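To start, the structure itself, in structure tokens.
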Amino acid sequence: MTGTGSRGWDARILTLYPAMFPGPLGQSLAGRALNEGVWSLRVVDIRDFARDKHRSVDDTPFGGGPGMVMRPDVLAAAIDATVAAAGEAAAEQPLIYFSPRGRRLDQALVHSVKDAGGATLVCGRFEGVDERLLQARPVTEVSLGDFVLSGGEIAAYALLDAVVRLLPGVMGAEESGTEESFADGLLEYPQYTRPQEWEGRSVPEVLLSGHHERIAAWRRDQAERITAERRPDLWEDYAKRKRGK
Ligand code: SAH
């Protein structure tokens, strides 16, 4: 891990709903890793940076239209204070605003965020944030997919869950990180466990053979078949890389 002052991976989350954290990230693998200090979580309530006595963080959009927009001055104050308090390394780490307009989250982005040693994550609400904030700070917009959530918090869960499981020592078998979907640009092969016979269905013979090379070859064939069938986009990239080799 590089670029972090603490001993773990550092998450900083800016939200209007601080009680949503750690939420699901306090359970299971991520929760255990959080308790062990493999990663840390600092949750910042954006409302603490409001400037008026009503503690307002949003206002009506210029030009009219429905809903409310988050104010750039309040958000910038929250971001600047959070990054400054987190030490020198934090200024070099990604500053992410979750937004349906952003780059789609994928495993390559997860790896690059993980490798940065930490990140500052801004969760939007209402109609989103004033555009000038996105220009005035080095913000990367990240989308969870082509649908609209009511807030960025669920996208933050997704990104953090995906990062934390890659941190050293978090997953039981180290290699489960290198064999799974997307690790080599393919979707994962089918998995089977006990019982060996279930509702008249048996497990593919080859998996019972104990023949490691044949098993590996079968799994690769299956991964290729499933990827070609389900994800022509991934398949094309994979085939191109294979031809290039
Ligand atoms: N008016 C906006 C949607 C705002 S939804 C638009 O049409 O683009 C409110 C907040 O939810 C956003 O500010 C963003 O932080 C979060 N959000 C909504 N959909 C998201 C998605 N697909 N990926 C990541 N964050 C999302």
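The values are calculated or read from the model by the stated rules, or taken from the named source; none is laboratory data. Because the structure is a prediction, the values reported are computed rather than measured. All Cβ positions, even for glycine, are placed from backbone atoms using ideal geometry, and neighbour counts span all protein chains on display. Side chains included, ligands, DNA and RNA excluded: accessible areas come from the protein's heavy atoms. Shrake-Rupley method; radii C 1.70, N 1.55, O 1.52, S 1.80 Å.
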Exercise for the section: Quick one: order Met70, Met20 from most to least accessible surface, probe 1.4 Å. Expected result: Met20, Met70
Handout entry: Whole-number percent relative contact order across segment 179-244, with pairs defined as alpha carbons under 8 Å at least 6 apart
Key = 38
Handout entry: In Å², nearest 10: area of Phe98 left accessible to a 1.4 Å probe
Key = 20
Practice task
Have a look at Leu133, Met68, Leu14 and report the one farthest towards the positive end of the charge dipole of the chain, computed about the Cα centre with Cβ charges (Lys/Arg +1, Asp/Glu -1).
Solution key: Leu133
Exercise for the section: Give the relative contact order (percent, whole number) for segment 2-164; include only Cα pairs under 8 Å separated by 6+ residues. Expected result: 29
Problem - Solvent-accessible surface ranking, highest first, for Trp218, Trp39 at 1.4 angstrom - result: Trp218, Trp39
Problem - Neighbour net charge for Leu25 - beta-carbon separation under 14 angstrom, K R +1, D E -1 - result: 0
Exercise for the section: In whole Hz, with x marking every Gly and Pro, tabulate ³J(HN,Hα) for segment 196-208 from phi via Karplus 6.51 cos²θ - 1.76 cosθ + 1.60, θ = phi - 60°. Expected result: 5, 10, 8, 6, x, 9, 10, 7, x, 2, 4, 6, 9
Completion exercise
If every Lys and Arg gets +1 and every Asp and Glu gets -1 at its Cβ, then about the Cα centre the chain yields a dipole, in debye to the nearest 20, of 140
Handout entry: Values of log10 I(q)/I(0), in the order q = 0.17 Å⁻¹, for segment 62-166 under a Debye, Cα-only, solvent-free model
Key = -0.80
Handout entry: Solvent-accessible area, 1.4 Å probe, carbon plus sulfur percent, for segment 97-202
Key = 49
Handout entry: Helix-only mean residue ellipticity at 222 nm for the chain, each DSSP H run of n ≥ 4 adding -39500 (n - 2.57), per residue, nearest 500
Key = -11000 deg cm²/dmol
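Between beta-carbons, use under 14 Å as the cut-off and find the net charge around Lys114, counting Lys and Arg +1, Asp and Glu -1.
-3
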Completion exercise
Env charge @ Val163, Cβ radius under 12 Å, K,R +1 / D,E -1, value -1
Completion exercise
As a percent rounded to 5, the proportion of antiparallel DSSP bridges among beta bridges in the chain is 15
Practice task
Specify the inter-centroid distance of segment 144-166 and segment 207-236, based on alpha-carbon positions, in whole Å.
Solution key: 29
